[in-house]
Ligand SMILES: [Zn+2]
C-alpha cells in the first residue's frame, strides 16, 4: 500500500555487495558500488559501521541509495568486514550461492544454509545426498511466535538432484532463525543470525476518504480471502527464474517500512514493494502459477494473487483492470492486469508482495533467480 505522496524512505535491499579498493595504490580508500537491493543500513552493519557515520562520510542527507552509486567506506572498514573464505578450487560461477553457506551433515545428508539473514528475507535450505529426499525440515523458531501458520514441517522439493526448502524471516523479529533437518532418528539443528531493517516508524496522515477504507464493511471478507490464499500448500509450479512484474525499471521500495495508518493506531509493516507506473501499464505474472484471487477490495484495490506452489504467493495490488480469472493458469510474463490506484493508494503504482507461507518477503531477492 504505497502512498506516493511520501517519498519512499529506504531503497532496495538485496543480498550481495562488493567492497573493492578504489585504486591499486596502498592506502587507497575503500569504496562500495551499490547494487540492486542494498540498503545503507545493511552495507554499514555488515562492515561493523554505524549507518549515521556512513551517511556523514558520504555527505548524504538521506539513506536513499541508487544502483551504481559509489559509497566511500572508512579506511578501517576492511578490517571489520568478515572476509569470505577463499575456496581452494574455483567453482563455476553459476553454482555460487548468494552467501558463503555453512555446511552441515546429518545421516549423510548435506545441508547448506545462509550465513546470515535480514528480517523480511526469503531464503532456501539446500539438501543433498542419498537420503535428502527423506529429510523433514522445520523452522521451530517460528513456532509460538506471532506468525501465520507457524508450525511448518515441510517435505523438500526436488530440484536438479538437490532438495530445496523455501524459508523466510518474519518482519519485526531479530531473534536467530532456527531450522531442524530430521533424517530417520537423527536431527540436525542449525541457526542463522538475523539483522533488523533500520527504518524509523512512518506516521501517515491520510485523507479520511482513504482511512475510511480500513473500516469498510467488506474488510473482513477481504482479509478472509487473503488468509485462505496464504494457507495454500500446493506443489512448486515454477521451474524458471522469476521476473519483475513491470517492464519499467522504476522501483520505489519501502519494503519492510513500519507505518501507522491512523494517528495512534497500530504499527504495520509494509509487506510489499512499490513500483510507480502510469495507469494502464501492463502488470505481468512474476512466474508460473495459478490465479487464486482476482477481485477488487477496499484496501488492496484491484487484486490478483498467484499461487506458485511451495507456499509462495505473489500478490498485485491497486490495479485499475484485472485481466485474469480465479483458477486460470498463468505463465511467467503473462499480462494479468493494469496498473491503477484503487484501494488504499494515493497515486498510480503497483504494490507487489511475495508471501512465503503468509509472510511478506523482499521481492527483489527473487528477480532473475530461480530461488531467493
Ligand atoms: Zn505498497
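The values are calculated or read from the model by the stated rules, or taken from the named source; none is laboratory data. Not measured: the values here are computed from a predicted model. Cβ: placed from backbone, ideal geometry, glycine included. Neighbour counts: every protein chain shown.
Here are the numbers for this structure:
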| read-out | value |
| --- | --- |
| Conditions (1) touching a helix residue (DSSP H, G or I) at 6+ places or on another chain (Cβ under 9 Å); (2) within 13 Å of the ligand (Cβ to nearest atom): number failed by residue 363 | (1) |
| The listed residue being under 15 Å from residue 354 (Cβ atoms) and more than 14 Å from the ligand (Cβ to nearest atom), out of 288, 247 | 288 |
| Answer residue from region 262-273, given it is in a loop (DSSP other than H, G, I, E, B) and away from the ligand (no atom under 11 Å from the Cβ) and is nearest to residue 348 (Cα to Cα) among those | 262 |
| Inter-residue pairs, beta-carbon under 8 Å, first in the same structural domain as residue 308 (by TED's automatic domain parsing) and in region 151-171, second at pLDDT 90 or above and surrounded by fewer than 24 Cβ atoms within 10 Å (Cβ to Cβ), 6+ apart | none |
| Selection count, region 159-179, where residues are more than 16 Å from the chain's Cα centre (by Cα) and crowded, with 17+ Cβ neighbours inside 10 Å | 3 |
| Residue in region 138-158 that is farthest from residue 111 (Cα to Cα), counting only those that are out of contact with any helix residue (DSSP H, G or I) (no Cβ under 8 Å at 6 or more places or on another chain) and surrounded by 15 or more Cβ atoms within 10 Å (Cβ to Cβ) | 147 |
